[in-house]
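Colleague: I'd like to ask you about the structure that follows.
The values are calculated or read from the model by the stated rules, or taken from the named source; none is laboratory data. Note that the structure is a prediction, hence the values are computed from the model and not measured. Here the Cβ is made from the backbone with ideal geometry for all residues, glycine too, and neighbour counts use every protein chain on show. For accessibility, only protein heavy atoms count, side chains too; no ligands or nucleic acids. Shrake-Rupley method; radii C 1.70, N 1.55, O 1.52, S 1.80 Å.
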Amino acid sequence: MDHWFTRNVVEPGKLPLLVALASFVLTFLLTRTVTRLIRAGRGPFRDVSTGGLHIHHVVPGVVLTLVGGFGALGALGAGRHTAAGLVCAVVFGAGAGLVLDEFALILHLDDVYWTEQGRKSVEAVVLTAALVGLVLGGFSPLGVDALTPEERQDRATLLASVGLNVLFVVVALLKGKFRMAVLGTLLPFVAVVGALRLARPGSPWSRRAYRNRPRARARAGLRAYRHDRRWVRLARRFQDVVAGFPDRLPSVAGGGGGAAGDGVDRPLTGGGDPAATGRDPAAGGGGPAAGGDERREADGSDPR
């Protein structure tokens, strides 16, 4: 084990990266624990405010990220594994953990920490940790590590390989598969799968390529629904365990929202997300077809 650690982490100069990743994950978990205690009114922790202004922890996170990042750059000249460099790695990882814990706030420019939109912060943290873990495992961006030294010397082969992988990543993005595209930068086969499969409904690719192809549009919608029904609940349970339950919205008469206390946020208007609720759109009020049948029965008319 010591030999593997020395050969794969210490000798390639990845020890600061490992320290930063550990600091990043630990800071995120500690921050979520503290915020959940504050939310529950337990323990000695309280929100930080000054002059009536609530200070979000993304603020010290930005400061720590800047200090750690610039400090690490300054420590490069002294060697790869100096004490200063490792301290800067710890500071940078802690700052990044605080910043990404409020990624949703930065994205929406609103305090959505305990809302459904706040789940994006957990997704950003998990995705970042996975990418850094892959880099630690020896993966290089865009499949460069799969090339032999001779192929790397051949500029044409190198540019063709990188360009092809970039193309697959871009196509996966256009098809609305953000996670697969990001992971595909280090695992090219993931981007290939995302690029070859049907686009998600509402994605730029779907709006343009499936505009005059109703069958492809219907297949894409059905596949997305089945995928979300299979995986969304598992992802939500994981996010709830790690980050806590989001605020529950009260049910609204006629609004189609979920019952209060079911642990799932739903919009106050409209029929809700069938993938999130696990209902088949074709069965019992889950989709527009069912709603149309109810309206026809209510007014006694049948256009057929």
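Colleague: Looking for whichever is at pLDDT 85 or above, in a helix (DSSP H, G or I) and under 30 Å from LEU98 (Cα atoms) here; the options are LEU167, LEU142, LEU127. Which one fits?
Modeller: LEU127
Colleague: Among SER23, SER49, which is of a type in the set (S, T, N, Q) and at pLDDT below 95?
Modeller: SER49
Colleague: Would you call ILE55 within 18 Å of the chain's Cα centre (by Cα) and of a type outside the set (Gly, Ala, Ser)?
Modeller: Here the answer is no, as ILE55 does not meet what is asked.
Colleague: Mind checking whether some residue in region 74-84 is of a type in the set (Ser, Thr, Tyr), over 26 Å from VAL241 (Cα atoms) and touching a helix residue (DSSP H, G or I) at 6+ places or on another chain (Cβ under 8 Å)? Show your work before the answer.
Modeller: Residues of region 74-84 of a type in the set (Ser, Thr, Tyr): 82.
Within this subset, residues satisfying the condition of being over 26 Å from VAL241 (Cα atoms) are 82.
From what is left, the residues that are touching a helix residue (DSSP H, G or I) at 6+ places or on another chain (Cβ under 8 Å) are 82.
Yes, region 74-84 contains a residue that is of a type in the set (Ser, Thr, Tyr), over 26 Å from VAL241 (Cα atoms) and touching a helix residue (DSSP H, G or I) at 6+ places or on another chain (Cβ under 8 Å).
Colleague: Right, next: Name, by its number, the condition in (1) outside any helix (DSSP H, G or I); (2) open to solvent by 40 Å² or more (accessible area, probe 1.4 Å); (3) free of Cβ contacts under 8 Å to residues at least 40 places away in the same chain that does not hold for TRP114.
Modeller: (3)
Colleague: For the subset of region 217-239 comprising residues that are free of Cβ contacts under 8 Å to residues at least 40 places away in the same chain and in contact with a Pro (Cβ under 8 Å, 6 or more places away or on another chain), which member is least open to solvent (accessible area, probe 1.4 Å)?
Modeller: ALA220
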